[in-house]
Amino acid sequence: MSQQEIIIAGFGGQGILSAGRLLAYAGMLEGKNVSWLPSYGPEMRGGTANCHVIISDDPVGSPILNSATALIVMNGPSLDKFENLVVKDGLIIADSSLVQRKPNRNDVKYSGIPATQIASDMGNSTYACIILLGKLLGSTGIVSKENFENALKKVLPEKYHHMIPDEMKALEIGMKY
Amino acid sequence: MGEKLLMKGNEVIAEAAIRAGCRHYFGYPITPQTEIAHYFAKKMPEVGGTFIQAESEIAAINMVYGAAGAGARVMTSSSSPGISLKQEGISYASGAELPAVIVNIVRCGPGLGGILPAQCDYFQAVKGGGHGDYKMVVLAPCSVQELYELTVEAFNIADKYRILAMIMGDGILGQMMETVEFRDKEEIYEADKSSWATVGTRMERDHNVITSIYIDPEVLERHNQKLQAKYRLIEENEVRCEVYNCEDADVIVAAFGTVARIVKNVIKMAAKEGIKVGLIRPITLWPFPVKVFEKYAEVPKAFLSVELNAGQMVEDVRLSVNGKRPVYFHGRMGGMIPTQQEILDKIKEILK
Amino acid sequence: MAVVFKRPHALRDVPMHYCPGCTHGIVHRLIAEVIDELGIEGKTIGVSPVGCTYNNYEYFNCDMQQAAHGRAPAVSTGIKRVHPDNVVFTYQGDGDLAAIGTAEIVHAAARGEKITTIFINNAIYGMTSGQMAPTTLLNQVTTTTPYGRKPELHGFPIKVCELLSTLDGAAFIERVSMHNIKNILNAKKAIKKAFQVQMANKGFSLVEVLSSCPTNWGLSPEKALKWIEEKMIPVYPLGNFKGKDLEV
Ligand SMILES: Cc1ncc(C[n+]2csc(CCOP(=O)(O)OP(=O)(O)O)c2C)c(N)n1
Ligand code: SF4
Ligand SMILES: [Mg+2]
């Protein structure tokens, strides 16, 4: 598939937007065309957050997604809102610590990972997003692990670079889950 | 070209301005373009420039007036409600022939409206939102890379013609991140501003005056004629437009900015169904690519203008196509974005 | 059992959208209680600003108008001149009132418009993600003063009460704070008096409320209240600046 379209959605403050940005950055480092589009505005005030990421062999047309090859959700309302945008045989990855139900669709692949639980056990709940991204990498090969690590180095300010080994550990947990 | 970076549209505008030699920015916060000011607030001190958060958009545009009149490369940015407040200053600066760059990351109106993407300020930008017979060059980028390139270009055009240049985008362009590649060095139009800029006479020359008032009607008419001559020159020289897939198209879609990107997806979808769709994407909304539309006027069965408003650019498309083919319109408002399917359905309906 | 926390009638029964720990909501409640106590809901007309409280017209039961950024005092002037017997108030933030709307507030006060302004000083632009406000403290870091507010670059905090109390048209001016219960009770007294001053036709009245913005200050709700007490009050001393002894 020459174009991967990913929606990542959840509550503000879960690192949704940064996760999407990391993914796009890694895609760029793979030499792909990428775009990242956040939801913006007052709805972000303690409410929901989502972003659309496109990683493509061709120049990116519209950065707004009307459908997704993969959906990562970190709360129930996001699954309700975006489930139907996933293409047939697409992928839904949910943080099952926070999303109570499974998708209603049976024409998509589904992985539920208790990411927030695992991340809290690791001592940092903000890694939940990274674990879910790991699952995406593991299932689709959308970007390589190396480029994800390089993206972390580019995106994170120097003073947070000591966290990279742990973030990579979180990624691997997701990849193997 | 340098390293590829992943950057937000709004930040790229600010970075581009700095690269184009802009060292003076005056603005007032408003969503969805606040990152422009945040970026300048961080970077201007590093490059020895000025960043002022003005007390209002009215103050900001008048700071621009002063700085431009003093010979500097200067910029302000805002979004629709703030751009409305700047209209007085825009008219005065146009009358005084001041070069400057104004960014409008358009949101939906009227009034406070909403903060989501829109193109409902097209009329205001290209037909003169302030009073008097003036024009601004209006550039409508459709990608983050183009935001960079056209921002640099806007400064050059402004200086070359002593005119205001506006970058018109929307919240999607401002908020999205895309790859951008900066040049190592910008080509900067070096204008000689000594004959008009107020930098102090040093007792060596007659005084320079920046003004837009001409009480004597004959003088004012001559001034207006001079402005109009300049505008005709710009219409000759500065039209920018992308023509995509238009040879033997069944329908040619006119769209600018973000919408043009959606249309490119539609073109692919339509091709799968055997429908040939072309795109004319005005990059300069003024000067409008009249001649491009004239050239393709008899190619398709019909034209379709797709916009995030109630039908504004479509008027210029109709004027340019000049009755040779029907010109249809499809628009969404309030921050709603047309889907690809919706546009394709409209095209099919037209072809029926 | 006595109902301790009954919703005032003048407040509508809808959830407010403010961030956790934001004191905007408390100020709304105080205004509503005062409207109830004075029995003026039916003749009160409020004007919402542009800021985090842009839609507080949804929260008050009295008639409301929404104004352009900074223009609430002018809009209120229009309302009051049409309905001199009604009670008119504006609710404005520091960006709204002391930056873009400086001219409107100064002239409404100078004209002695019989309106009441509740002025929320949270030392920041809340709505647009934390830019410097005219009231931002020296050295305070905001998104447009990333290196802190420096007087030589950004000027000094504007003290609205001190400024407006020089105007003869201003009848009642007081600064209060939301940082603890005692001060909240004081704030209510001041708001009530401000409305009464208007109703007695004495002139323009304004209450400045030091209010928290935990979100953009980057502080927990508790620390934000401490910040008001320790950082803001030294710059913005509490108390009455004008009209303390007015008979109403
Ligand atoms: C003409 C105009 N300029 C700018 C804005 C964007 N804007 C919305 S709210 C706001 C600042 C609000 O700050 P403040 O008045 O301090 O209220 P707070 O959110 O802190 O309560 C601005 C600049 C606007 N809506 N209209
Ligand atoms: S941003 Fe600040 S002022 Fe606005 S609701 Fe949140 S805490 Fe309150
Ligand atoms: Mg404020």
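The values are calculated or read from the model by the stated rules, or taken from the named source; none is laboratory data. From a predicted model like this one, the values you see are computed outputs, not experimental measurements. A quick note on method: Cβ atoms are made from the backbone with ideal geometry, for glycine too, and the neighbour counts reach across all protein chains shown. Ligands, DNA and RNA are excluded from the accessible area calculation, which covers all protein heavy atoms including side chains. Shrake-Rupley method; radii C 1.70, N 1.55, O 1.52, S 1.80 Å.
Overview of values
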| item | result |
| --- | --- |
| Centre separation in Å (Cα based) which lies between segment A:32-105 and segment B:14-53 | 32 Å |
| With eigenvalues of the C-alpha gyration tensor scaled by 5 and rooted, chain B, Å | 35, 23, 18 |
| The protein assembly as shown - share of DSSP beta bridges that are antiparallel (%, nearest 5) | 30 percent |
| Peptide B:29-41, shielding by other chains (average Cβ, 10 Å cutoff) | 5 |
| Partners for residue C:192 among lysines (Cα-Cα distance below 21 Å; same-chain residues under 8 apart left out) | C:6, C:43, C:80, C:114, C:182, C:202, C:242, C:244 |
| Per-residue SASA entry for residue B:239, accessible area with 1.4 Å probe, Å² rounded to 10 | 60 Å² |
| Fraction of the pair-distance distribution of segment C:123-248 above 17 Å, Cα-Cα pairs, percent | 60 percent |
| Kirkwood hydrodynamic radius (C-alpha pairs) into Stokes-Einstein, chain C, 37 °C and 0.692 mPa s, D in µm²/s | 184 µm²/s |
| Relative packing of peptides B:142-150, C:89-97 - highest average C-beta neighbours within 10 Å first | C:89-97, B:142-150 |
| Alpha-carbon centroid distance for the pair segment B:60-78 / segment B:269-319, whole angstrom | 35 Å |
| Average partner coverage of A:55-62, which counts Cβ from other chains inside 10 Å | 4 |
| Gyration tensor (Cα) of segment B:1-133, equivalent ellipsoid semi-axes in angstrom | 23, 19, 13 |
| Hydrodynamic radius by Kirkwood, which averages 1/r over all alpha carbon pairs of segment A:3-176, in angstrom | 15.8 Å |
| Fraction of beta bridges assigned by DSSP in segment B:242-351 that are antiparallel (%, nearest 5) | 20 percent |
| Reach of residue A:169 by Cα under 15 Å, taken over aspartates and glutamates that are not fewer than 8 positions away in the same chain | A:121, A:146, A:149 |
| Contact order normalised by residue count of segment B:242-351, Cα under 8 Å, 6+ apart, percent | 30 percent |
| Calculated [θ] (222 nm, deg cm²/dmol) that DSSP helices of n ≥ 4 give over chain C, each run adding -39,500 (n - 2.57) | -8500 deg cm²/dmol |
| Computed [θ] at 222 nm, helices only, for chain A once each DSSP H run of length n ≥ 4 contributes -39500 (n - 2.57) | -11500 deg cm²/dmol |
| Partners for residue C:189 among aspartates and glutamates (Cα-Cα distance below 19 Å; same-chain residues under 8 apart left out) | C:33, C:36, C:37, C:41, C:174, C:208, C:245, C:247 |
| Amide H partners (placed H, <5 Å) of residue C:48, local residues excluded | C:65, C:66, C:67 |
| Area of residue B:333 that stays accessible when all protein chains are in place (1.4 Å probe, Å², to 10) | 120 Å² |
| Solution diffusion estimate, µm²/s, Stokes-Einstein, segment B:5-79, Kirkwood Rh from C-alpha pairs, 20 °C, viscosity 1.002 mPa s | 176 µm²/s |
| Charge sum, other residues only, whose C-beta stays under 12 Å from residue A:10's C-beta, Lys/Arg counted +1 and Asp/Glu -1 | 0 |
| Relative contact order of chain B, defined on C-alpha pairs under 8 angstrom at six or more residues apart (%) | 18 percent |
| With every protein chain in place, the protein assembly as shown: carbon and sulfur % of accessible area (1.4 Å) | 53 percent |
| Directionally averaged shadow of segment C:1-129, computed from the convex hull of its alpha-carbon atoms, nm² | 8.3 nm² |
| Peptide-level mean, for B:265-278, of C-beta atoms on other protein chains within 10 Å | 1 |
| Which listed pairs, of A:88/A:154; B:160/B:346; B:268/B:301; B:135/B:348; B:86/B:193, have C-alpha distances above 30 Å, in listed order | A:88/A:154; B:160/B:346; B:135/B:348 |
| Viscosity 0.890 mPa s, 25 °C: Kirkwood-radius Stokes-Einstein D of the protein assembly as shown over Cα pairs, µm²/s | 86 µm²/s |
| DSSP beta bridge pairing in chain B, given as percent antiparallel to the nearest 5 | 25 percent |
| Mean-position separation - Cα centroids, segment C:172-223 and segment A:151-177, in angstrom | 47 Å |
| For chain C: relative contact order, % (alpha-carbon pairs under 8 angstrom, 6 or more apart) | 18 percent |
